[in-house]
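Written out below as C-alpha cells is the structure these notes cover.
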Amino acid sequence: MNLEIPKAFLKEDEDSTNQRILDSARSLYIEYGLRRTTMEDVAKRAGMGRATLYRRFSEKDQLFKAVIFRELQRHLVIIENAIQETSSALDALLEAFVQFGGLVNGNEVLQRLLKTEPDHVLPYLTTDFEVIMSFSRQYLTNQIVRAQKIGHIREGDANMMSEMLLRLTQSLMLSPRGVIDPSNEESLREFTEGYLRPLLSA
C-alpha cells in the first residue's frame with residue numbers, strides 16, 4: 001500500500017516549448033538569482049522571442065511559480081518510486097517524509113534563493129504558504145484516515161496529524177541547521193523512527 005499520489009501531480013506538461021522555458025528559467029535562477037533574472041533573459045536563453053514567452057507566462061511571478069510547481073512534481077515522482085513497494089501505510093508515510101525532507105534540502109533552486117534572496121522566496125513559504133498548506137493538509141488527511149481505518153496509524157484527529165507533518169517539513173526547509181539535519185538521511189531517519197513512528201503508530 002502506498003500514498004497513492006494522484007497521477008495528475010506526477011505528470012509534467014508535455015509541451016516542449018513550456019519545458020524549454022522552465023528549463024531556461026530554472027538554470028538562470030540558479031546562476032543569477034530571481035531578482036537579476038528578467039523575462040527577456042529567459043526568452044533569450046530559451047531561444048525564442050519575448051512575445052512567445054509572454055503568451056505562455058504573462059509575468060515573472062507566474063513563471064517562478066511554474067518552475068517551483070515542476071520541482072514539486074519531480075520530487076513527487078521520486079517519492080512515489082521510493083514507496084510503491086511499501087506494504088504499510090505508516091511506513092509509506094514516514095518514508096515519504098524522509099524523502100521529501102532530503103529532496104527539498106538538496107533542491108538547487110530553492111536552496112540558492114533561500115540563501116541569497118530570502119526576501120523574494122520566503123513569502124511563498126510563510127505568509128503565502130496557506131494555499132499549499134490547505135491543499136496538502138486535505139490530501140494528507142485523506143491518506144491518514146484511510147490508514148486509520150485499516151489500523152496502520154493510531155486513532156486521532158487526522159487533520160491535526162497532517163498539519164503537524166506539514167509544519168515539521170516547513171520548519172526543516174526554512175531552518176535546516178539543528179540537531180535534526182535534513183541534509184543527512186541518517187539524521188532524518190533517526191528522528192522519524194525515534195519520534196514520528198511512536199507518535200503515529202496504532
Compute the signed sum of charges (Lys and Arg +1, Asp and Glu -1) over the other residues within less than 14 Å, Cβ to Cβ, of GLY106. -1
Estimated [θ] at 222 nm from DSSP helical runs (n ≥ 4, -39500 (n - 2.57)) normalised by residues in the chain, nearest 500: -21500 deg cm²/dmol
Using label points projected 7 Å from each Cα along Cα→Cβ, tell me how many nm separate LYS115 and GLU85, to one decimal. 3.5 nm
So which GluC sites (Glu not before Pro) in region 66-170 end up in coil per DSSP with only 15 or fewer other C-beta atoms within 10 Å? GLU85, GLU155
Considering the Cα positions of the chain, please state its Rg to one decimal place and its Dmax as a whole number of Å. 18.4, 58
Cα centroids of region 14-33 and region 58-78: how far apart, whole angstrom? 10 Å
Per residue convex hull volume, Cα only, region 147-201, in Å³ is 78 Å³
Quick one: what are the phi-derived ³J(HN,Hα) couplings along region 149-154, Karplus 6.51/-1.76/1.60 with θ = phi - 60°, whole Hz, x for glycine and proline? 5, 9, x, 8, 10, 5
Probe 1.4 Å, all protein chains present, accessible-area order of THR37, THR127, THR116, THR17, largest first: THR127, THR116, THR17, THR37
Expressed as a whole-number percentage, the relative contact order of region 57-202 with C-alpha contacts under 8 angstrom and at least six residues apart is 29 percent
Between ALA51 and GLU31, the FRET efficiency computed from the C-beta separation at R0 = 41 Å comes out, to the nearest 0.05, as 0.95
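The values are calculated or read from the model by the stated rules, or taken from the named source; none is laboratory data. These numbers were taken from a predicted model, which means no experiment stands behind them. Every residue, glycine as well, gets a Cβ built from its backbone with ideal geometry; the counts of neighbours run over all protein chains shown. In case anyone asks, the SASA skips ligands and DNA or RNA and just uses the protein heavy atoms, side chains included. Shrake-Rupley method; radii C 1.70, N 1.55, O 1.52, S 1.80 Å.
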